[in-house]
1. Ranked highest first by the average count of other Cβ atoms within 10 Å around their residues, in what order do 60-68, 42-50 fall?
2. Quick check: Cα centre of the stretch 1-24 to Cα centre of the stretch 57-74, how many Å?
3. Explain nothing, just the number: relative contact order of the chain, from Cα pairs under 8 Å at least 6 residues apart, as a whole percent.
4. For the chain, what is the Kirkwood hydrodynamic radius in Å, using each pair of distinct C-alpha atoms?
5. Of 45, 22, 76, which is farthest on the positive side of the dipole of the chain, counting Cα position, with +1 on Lys and Arg Cβ, -1 on Asp and Glu Cβ, and the Cα centre as origin?
6. Can you give me the accessible area per residue for the stretch 3-72, using a 1.4 Å probe, in Å²?
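The values are calculated or read from the model by the stated rules, or taken from the named source; none is laboratory data. Owing to the predicted nature of the structure, the values given are computational and were not obtained by experimental measurement. Using ideal geometry, Cβ is built from the backbone for each residue, glycine included, and neighbour counts are taken over all protein chains shown. Accessible surface is based on the protein model in full, side chains and every heavy atom, while ligands, DNA and RNA are left aside. Shrake-Rupley method; radii C 1.70, N 1.55, O 1.52, S 1.80 Å.
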Amino acid sequence: KLKAKSGWRGEGNGTDDFGFSALPGGHRSNANGTFYYAGYVGYWWSSSPSGGIAWYRTLSSFYPDIDRRYSNPRIGFSVRCLRDAE
């Protein structure tokens, strides 16, 4: 329900019921700068770092649920900018 209606590879397109329009940007390796899983998985930072880790959320072409995990904050994930309602 959060995924964009197009842009996902395989059978991964969503319905975008909430206007989030999530796209699968993949992630950038902190070791060599290579991008992985673009078109198949979207990764978004979800909170501030705590010690040596930071939380993120992920959506996948292959799995219908949103997942929460933590990782090294040096990995390149997407960010979603929000604006306060006026």
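1. Sorting 60-68, 42-50 by mean packing, highest first, produces 42-50, 60-68.
2. Cα centres, the stretch 1-24 to the stretch 57-74: 15 Å.
3. Details: 185 pairs, mean separation 20.4, N = 86.
For the chain, the relative contact order is 24 percent.
4. Values: mean 1/r = 0.0741 Å⁻¹.
About 13.5 Å, per the Kirkwood formula over Cα pairs.
5. Toward the positive end, the furthest listed residue is 76.
6. I get 64 Å² per residue for the stretch 3-72.
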